[in-house]
Amino acid sequence: PMKNRIAIVGMSFRFPGTNTEQYWPNLLGGKDLVTTVESSRWAQETYLHPGKQQPGTSYTFAAGSIGDVSMFDADFFGISPREAAQMDPQQRLLLEMSWEALESGGIRPSSLRGSKSGVFIGISSADYAYRFADDLGAIDSKVATGNTASIAANRISYVFDLKGPSMALDTACSSSLVAFHQACQSIRSGESSLAIAGGVSLHLHPYGFIAFSKASMLSRRGKCNVFDAAGDGYVRSEGGGIFVLKDYDQAMADGDHILAVVAASAINSDGKKAGLTVPSSDAQADLLRTIYADAGIGADEVDYIEAHGTGTAVGDPIETRALAEALGSHRSREHPLLIGSVKSNLGHLEAASGIAGLVKAVHCVQHRVVPGTIGVSTLNPSIPFEEWNLQVARTTTPLKAAGRLIVGVNSFGFGGANAHVVLESLVAKVTRLEAARPKVRPESTVPLVISGKTAAALRGAARGMAACLREHPETSVYDIAYSASHGRDWHRHRAVVRGNAHKPLALALEKFAESADQAHGVESGSVLETPVGVAFVYSGNGSQWEGMGRRL
């Protein structure tokens, strides 16, 4: 029974030191993707000092960085350059990822206009606004909308013309997983027909580093040593991600490519505890017990938990105790609960960290393997792993080869807001769309369509499509052409090339990208502004005359 199940049908992300293609190989390879804050953000030597008591300084700028965030194709989203400059780059990144996530799911953004699609965004940092506070003279008419958290969600609804709920949520480090849960709830209740859910966090001002180093939360060693004796705090990292969600039955009926299924999601709060920022193992354990009981999933059925796992001396033992009480202690001794954390590779994305955990979990479900949590040389002596029936995935660990996989994602904010999402592998193997695929004869050619909002963008699209054809020879040309025609919006400048083999098509598109004025077998042009009605063309071999169409 798939009642209340939610399908993840699209995904896009930006993580430190990696990209969509390299992300999974980087995790399997145990890569440490943490570096330092990108040099152009601020003059680091001004704010760096090893003494915690030194006013206005941080003792570290170790960070997971996504590099230059100044570039943005404002025209693509109908935004003026002047407005774009006043917009928090977090808003710009969210627009890009939302478009990419829809396209990755084969959903034309224009098809959602006027729909009950909801937008739920986890966002906490106001760094760009602090920059304007440092220079009040730079404030212009668009700063208010450009730097308000609510607009980060509302602008997505505005640009895509979505009529469902639209909200930004801040629960500190659990923000994006809480947003994801609210998106699932909105779909379950029928309030939203589709949801765009995710989060973002960027380092655009030294404020956060200074505040968290004064609170001794950041690692002096510049590592998230999760579950390790050396754990001395976390590393601030940046990035974000967007998921496209639908009701499971609807996604199956629509023939969507389903990445993973959300079996359950839940949130709660610690309430009164030892201190405002100290996590509560009791509240976390309650949340875990409730979510798995409600989903009808036994403790022994859980294949892996992607833990919040920040590498802090306080947080790790409390979280693992909760996992032990709710799950580990109820499992057989032969199968301890497998846990790990992507923060060991990427650092802690704070408001977007739940999305980082979810992206890893989706990959784990799809590939049926868990990448090792890196940097664990001596297990934290404050955590009795064996007694609690827990096992850290320290190397690449295969999950069961067949049957339903269950992977949980844990997240909590430093004010006590806890969230948990349970993913499961897809039960149905074939979607309606795959079953309906026609039998294509090897010699038949298909039209491959590309488009761009400008002539330069069209050439860029040609390059991108050529790269896709070369990098994915295992994917049929028919499927690529189908997705290009039906899963993407066509922009003003368009081109089409016919073929049935990857390399010749790629070569033609590459030549077109170099010199679009020559054909290379590629037909190109721009859209008629206001085509109206139907045109009948009689191009037969013979004389044509007025009234011919009427007579026919």
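For the stretch 118-163, name all the residues that are in contact with a Ser or Thr (Cβ under 6 Å, 6 or more places away or on another chain) and among the β-branched types (Val, Ile, Thr). Reasoning before the result, please.
Start the filter on the stretch 118-163 by keeping residues that are in contact with a Ser or Thr (Cβ under 6 Å, 6 or more places away or on another chain), which leaves 118-119, 122, 124-125, 151, 153-154, 156-157, 162.
Val119, Ile151, Ile156, listed by residue number.
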**Request:** Look through the stretch 516-541, keep the residues that are surrounded by 12 or more Cβ atoms within 10 Å (Cβ to Cβ) and out of contact with any Ser or Thr (no Cβ under 8 Å at 6 or more places or on another chain), and return whichever of them is farthest from Met465 (Cα to Cα).
**Result:** Val527
**Message:** For the stretch 321-337, give me each residue that is aliphatic (A, V, I, L, M) and without any contact (Cβ under 8 Å) to a residue 60 or more places away in the chain.
**Reply:** Ala322, Ala326, Leu327, Leu337
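Is there a residue being closer than 21 Å to Glu306 by Cα and not aliphatic (A, V, I, L, M) anywhere in the stretch 244-256? Even if it seems obvious, please write down each step before you answer.
Filtering the stretch 244-256 for residues closer than 21 Å to Glu306 by Cα gives 244-245.
Still in the running and not aliphatic (A, V, I, L, M): none.
Scanning the stretch 244-256, I find no residue that is closer than 21 Å to Glu306 by Cα and not aliphatic (A, V, I, L, M), so the answer is no.
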**Complete:** Filter the stretch 422-438 for residues that are at pLDDT below 75 and of a type in the set (Val, Ile, Thr); the one that is least open to solvent (accessible area, probe 1.4 Å) is Thr431
**Asked** Within the bounds of the stretch 65-79, is there any residue that is buried (at least 18 other Cβ atoms within 10 Å of the Cβ) and in contact with a strand residue (DSSP E or B) (Cβ under 7 Å, 6 or more places away or on another chain)?
**Response** yes
**Request:** Could you tell me whether the stretch 502-515 includes any residue that is assigned to a loop (DSSP other than H, G, I, E, B), open to solvent by 60 Å² or more (accessible area, probe 1.4 Å) and among the basic types (Lys, Arg)?
**Result:** no
**Message:** Against the definition (closer than 30 Å to Val178 by Cβ, surrounded by fewer than 22 Cβ atoms within 10 Å (Cβ to Cβ) and of a type in the set (Lys, Arg)), how does Arg441 come out, yes or no?
**Reply:** no
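Condition check ((1) over 19 Å from the mean Cα position of the chain (by Cα); (2) of a type in the set (D, E, K, R)) across all residues:
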| position | (1), (2) |
| --- | --- |
| Asp300 | yes, yes |
| Ala313 | yes, no |
| Ala322 | yes, no |
| Ser344 | no, no |
| Ala352 | no, no |
| Ile355 | no, no |
| Leu358 | no, no |
| Gln366 | no, no |
**Item:** Residue list for the stretch 356-379, filter: open to solvent by 20 Å² or more (accessible area, probe 1.4 Å), of a type in the set (S, T, N, Q) and assigned to a loop (DSSP other than H, G, I, E, B)
**Value:** Ser377, Thr378
**Request:** Give me the pairs, please: first residue somewhere in the stretch 361-384 and more than 27 Å from Pro317 (Cβ to Cβ), second residue anywhere and open to solvent by 60 Å² or more (accessible area, probe 1.4 Å) and part of a strand (DSSP E or B), beta-carbon distance under 9 Å, and either six or more positions apart or on two chains.
**Result:** Arg368/Pro398; Val369/Pro398
**Item:** In the stretch 151-164, the residues that are in contact (Cβ under 8 Å) with a residue 12 or more places away in the chain and either in a helix (DSSP H, G or I) or surrounded by fewer than 19 Cβ atoms within 10 Å (Cβ to Cβ) (or both)
**Value:** Ile151, Ala152, Ala153, Asn154, Arg155, Ile156, Ser157, Val159, Phe160, Asp161, Lys163
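If I go through the stretch 202-211 residue by residue, how many of them are part of a helix (DSSP H, G or I) and surrounded by fewer than 24 Cβ atoms within 10 Å (Cβ to Cβ)? Step through it out loud before you land on a result.
To start, the set of residues in the stretch 202-211 that are part of a helix (DSSP H, G or I) comprises 207-211.
Checking the rest, the ones that are also surrounded by fewer than 24 Cβ atoms within 10 Å (Cβ to Cβ) come to 207-208, 210-211.
Result for the stretch 202-211: 4.
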**Message:** farther than 19 Å from Val244 by Cα, open to solvent by 60 Å² or more (accessible area, probe 1.4 Å) and not in a helix (DSSP H, G or I): which single residue out of Ser125, Ser141 fits that description?
**Reply:** Ser141
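Which residue out of Ser344, Ser329, Ser353 is under 22 Å from His181 (Cβ atoms), among the small types (Gly, Ala, Ser), modelled with pLDDT of 95 or more and in a helix (DSSP H, G or I)? It would help to see each step written out before you state the result.
Working: Ser344 fails: under 22 Å from His181 (Cβ atoms); Ser329 fails: under 22 Å from His181 (Cβ atoms).
Testing whether each residue is under 22 Å from His181 (Cβ atoms), among the small types (Gly, Ala, Ser), modelled with pLDDT of 95 or more and in a helix (DSSP H, G or I) leaves just Ser353.
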**Message:** When you scan the stretch 90-110, do you find a residue that is buried (at least 18 other Cβ atoms within 10 Å of the Cβ), over 18 Å from the mean Cα position of the chain (by Cα) and either at pLDDT 95 or above or not hydrophobic (A, V, I, L, M, F, W, C) (or both), even just one?
**Reply:** no
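So, in the stretch 175-201, how many residues would count as being hydroxyl-bearing (Ser, Thr, Tyr) and open to solvent by 10 Å² or more (accessible area, probe 1.4 Å)? If you could, list the steps in order and put the result at the bottom.
Quick first cut of the stretch 175-201, residues hydroxyl-bearing (Ser, Thr, Tyr) only: 175-176, 186, 189, 192-193, 201.
Subsequent filtering for residues that are open to solvent by 10 Å² or more (accessible area, probe 1.4 Å) retains 189, 193.
The total comes to 2.
Condition check ((1) touching an Asp or Glu at 6+ places or on another chain (Cβ under 9 Å); (2) free of Cβ contacts under 8 Å to residues at least 40 places away in the same chain; (3) closer than 23 Å to Gly78 by Cβ; (4) part of a strand (DSSP E or B)) across all residues:
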| residue | (1), (2), (3), (4) |
| --- | --- |
| Ala456 | no, yes, yes, no |
| Ala461 | no, yes, yes, no |
| Met465 | no, no, no, no |
| Leu469 | no, no, no, no |
| Glu474 | no, yes, no, no |
| Trp490 | no, no, yes, no |
**Request:** Evaluate the following for Ser265: is it outside any loop (DSSP other than H, G, I, E, B), closer than 18 Å to Asn410 by Cα and not acidic (Asp, Glu)?
**Result:** yes
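Has the stretch 183-193 got any residue that is within 16 Å of the chain's Cα centre (by Cα) and outside any loop (DSSP other than H, G, I, E, B)?
If we filter the stretch 183-193 for residues that are within 16 Å of the chain's Cα centre (by Cα), which is where we start, we get 183-184.
Remaining after also requiring outside any loop (DSSP other than H, G, I, E, B): 183-184.
Yes, some residue in the stretch 183-193 is within 16 Å of the chain's Cα centre (by Cα) and outside any loop (DSSP other than H, G, I, E, B).
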**Request:** Taking Asp282 as meeting all but one of (1) modelled with pLDDT of 95 or more; (2) under 20 Å from Gly357 (Cβ atoms); (3) not basic (Lys, Arg), write down the number of the exception.
**Result:** (2)
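For the stretch 247-262, which residues satisfy the criterion of being open to solvent by less than 20 Å² (accessible area, probe 1.4 Å) and not in a loop (DSSP other than H, G, I, E, B)? Walk me through how you get there before you give the answer.
Within the stretch 247-262, the first condition is being open to solvent by less than 20 Å² (accessible area, probe 1.4 Å), and the residues that meet it are 248, 251, 255-256, 258, 260-262.
Correct list: Tyr248, Ala251, Ala260, Val261, Val262.
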**Request:** Kindly provide the set of residues from the stretch 516-546 that are assigned to a loop (DSSP other than H, G, I, E, B), closer than 17 Å to Gly460 by Cβ and not charged (D, E, K, R), ordered by number.
**Result:** Ala516, His520
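The values are calculated or read from the model by the stated rules, or taken from the named source; none is laboratory data. None of the values given here were measured: they were computed from a predicted structure. Because the Cβ atoms are built from the backbone with ideal geometry, glycine has one as well, and the counts that use them run over all protein chains shown. Surface areas here come from the heavy atoms of the whole protein model, side chains and all, with no ligands, DNA or RNA. Shrake-Rupley method; radii C 1.70, N 1.55, O 1.52, S 1.80 Å.
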